[in-house]
Amino acid sequence: MNIGMAVRSCAMGARSMREAYKKVGTHMLNEFKSFIAKGNVMDMAVGIIIGAAFTAIVTSLVGDLINPIIGLVSGGVDFTNNYAVLGGDVPAGASLEAARETGGSIFAYGAFIMAIINFLIIAFVVFMLVRSVNKIKDAAAAEEVAAPEAPKGPTELEVLLEIRDALAKQA
């Protein structure tokens with residue numbers, strides 16, 4: 001094989017590879033369009049938006065209602081500002097935010113405890129929502145089962161038999 005044939009072979013190979021990639025890209029683009037067109041994507045987007053709003057509500061619930069109660073029960077301790085200094089120069093009694101601004105190495109265990117409390121509250125609320133929805137679905141299914149069937153009209157065979165009998169009586 002001479003060099004010219006090798007170059008042509010490589011060019012043809014590159015062209016066919018480009019065409020193959022183009023086909024794969026077109027197929028993937030069409031598949032993506034099909035995916036976006038399905039209703040599930042819109043449902044997911046609505047869920048994410050509502051979830052973000054719900055997170056703000058739960059954060060307020062924890063920060064404004066539950067933290068003060070926990071602080072009252074635990075003798076006025078607020079978990080969000082609990083931390084340990086691992087390194088650096090942090091003034092004694094500084095808030096967590098001020099301690100972070102000093103650039104020191106901070107072990108913010110109070111913020112972690114509040115994140116766990118947030119998670120447990122969100123998980124419980126979601127559990128209660130799912131439980132309520134399941135009860136409503138079960139009640140609706142029970143109503144469908146309990147509803148008596150509407151009386152059925154005569155079948156096609158019964159109507160034909162009646163017509164036959166009526167014609168036989170006239171003859």
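No lab work stands behind these numbers, since they all come straight from the coordinates. What you see is a predicted model, and the numbers here were worked out from it, not measured in a lab.
Scanning residues 5 or more positions from Asn82 or on other chains, those with amide H under 5 Å from its amide H are Gly110, Ala111, with H placed 1.01 Å from N in the peptide plane.
Once backbone amide H atoms are built at 1.01 Å from N, Ile106 has Leu86 as its partners under 5 Å, excluding neighbours fewer than 5 places away on the same chain. Across region 82-93, computed HN-Hα scalar couplings (Karplus, 6.51 cos²θ - 1.76 cosθ + 1.60, θ = phi - 60°) run 7, 7, 10, 8, 8, x, x, 9, 10, x, 5, x Hz from first to last residue, x flagging Gly and Pro.
By the Cα gyration tensor, region 90-134 has an equivalent ellipsoid whose semi-axes, rounded to whole angstrom, run 37, 7, 7 from largest to smallest.
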